[in-house]
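Remarks on the structure that follows.
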Amino acid sequence: MGNVLAASAPPPPPPPTSGLPPNLGKPDPTTVSFGSPHTSEHLPNPGTIEDLHKKCKDVFPVNFEGAKLMINKGLSSHFQISHTINMSSASQSGYRFGATYVGSKQISPPESFPVLLGDIDPSGNLNTNIIHQFTERIRGKMGTQIQRGKYTAVQMTGDYRGDSYTVSLTIGNPDIINNSGVLVLHYLQSLMPSLALGAELAYQRGIGVPGGQIAVLSAVGRYTNGDSTISGTLGSAGCHVCFHQKASQEIQVGVELEINSRIQESTATIAYQVDLPKADLVFKGSVDSNWTIGAVLEKKLQPLPFTFALSGMINHNKHQFRLGCGLIIG
């Protein structure tokens, strides 16, 4: 449910923003990797369930609407700030200030801890994330969201990485007074170097929940064969299957199928990513069964420290069209 890419070498990772594609400055809290990986003699560690569909999801474009301008400034090898201006008719417009701090506890060459990220707008709406690697096997994460002076979301996650398995426990919006909250338990085990299976147990309790409480158990799995990866989640709520194929050094393809058994709906999506390193260009596109077509183009304007992004999305059924452009400086 969230972690972040941590880097020890300057400059530190860019701070979080809202709406821009991940490659344009927002570190995805789910992309941080474990430091100093431990593997058993035969089976590798499978990672976390929250990263189960990551390869496929990374191919999909992150569309945005309107105009965005973000300026990044590294104050030191550990601290960086950002200024973001967003002008949009479909989402909240305005200014946001962001900051990222990367600590000096180095777990492995590419990452250090703790990592602190946050952004705030002039109205006081705040988003924060804290990630710390306590030991080589234990990692903790905490995220909070404050809107209009009130805590609207709190999430705490602990990951334990064994030699061939990973156990994660997440607590969301705990409220002892009202006896409400969400508890999610993950377990993922490597059965073969190419196969990992596990389970997810989600429990929610609260006044707004039918019957006062609900529990959902799901089975998960991932199979890797060379440059192909198939991952899936199957439970009482439905089915979620992803397929990722790296066709070449420049082209990746992802296919996703989501079936919601409660509302009797299903959506299939196919996406692709084209990387042209010589042109400093990345293009992502997708089309789904609801006739929604989206694409994002990202172009580095060398030798200037600028990155330009162009986003477009159209829904033929709803007759909606959204266009966005963004510029990252720094």
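Residues of the range 216-286: accessible area per residue at 1.4 Å, in Å²? Averaged over the residues of the range 216-286, the accessible area is 56 Å².
Rounded to the nearest Hz, the phi-derived 3J(HN,Hα) couplings of the range 298-306 under the Karplus curve 6.51 cos²θ - 1.76 cosθ + 1.60 (θ = phi - 60°) are 10, 9, 7, 9, 5, x, 6, x, 10, where x marks glycine and proline.
Taking N as the residue count of the range 65-203, its C-alpha radius of gyration divided by 2.2 N^0.38 Å amounts to 1.30. The Cys residues in the chain with no partner Cys Cβ within less than 4.7 Å of their Cβ are CYS239, CYS325.
From its DSSP helices (H runs of at least four residues, each -39,500 (n - 2.57)), the chain gives a residue-normalised ellipticity at 222 nm of 0 deg cm²/dmol.
Per the Cα gyration tensor, the range 179-247 maps to an equivalent ellipsoid with semi-axes of 31, 12, 8 Å, ordered largest to smallest. Within the range 261-328, the trypsin sites (Lys or Arg not before Pro) that combine a DSSP coil assignment with at most 13 other C-beta atoms in a 10 angstrom radius are ARG262, LYS318. Ordering PHE60, PHE308, MET70 by the projection of their Cα atoms onto the charge dipole of the chain, which places +1 on the Cβ of Lys and Arg and -1 on the Cβ of Asp and Glu, puts MET70 at the extreme positive end. Treating each Cα of the chain as an identical point scatterer and summing with the Debye formula, the log10 of I(q)/I(0) at q = 0.09, 0.14 Å⁻¹ comes to -0.53, -1.44. Using only side-chain charges placed at the Cβ, +1 for Lys and Arg and -1 for Asp and Glu, the dipole size of the chain relative to its Cα centre rounds to 600 debye.
For the range 180-327, the dipole from Cβ point charges (+1 on Lys and Arg, -1 on Asp and Glu) about the Cα centre works out to 240 debye, to the nearest 20. Taking all protein chains together and a 1.4 Å probe, the residues TYR272, TYR203 rank TYR272, TYR203 from largest to smallest accessible area.
Computed on the range 155-224, with alpha-carbon pairs under 8 angstrom and 6+ residues apart, the relative contact order is 23 percent.
Mean separation of Cα pairs under 8 Å and 6 or more residues apart, divided by the residue count, gives the chain a relative contact order of 15 percent.
When the Cα centres of the range 74-133 and the range 151-217 are compared, how far apart do they sit, in Å? The range 74-133 and the range 151-217 have Cα centres separated by 26 Å.
The values are calculated or read from the model by the stated rules, or taken from the named source; none is laboratory data. Worth saying up front: this structure is predicted, and the values here are computed from it rather than measured. Cβ: placed from backbone, ideal geometry, glycine included. Neighbour counts: every protein chain shown. Just the protein is used for accessible areas: all its heavy atoms, side chains included, with ligands, DNA and RNA removed. Shrake-Rupley method; radii C 1.70, N 1.55, O 1.52, S 1.80 Å.
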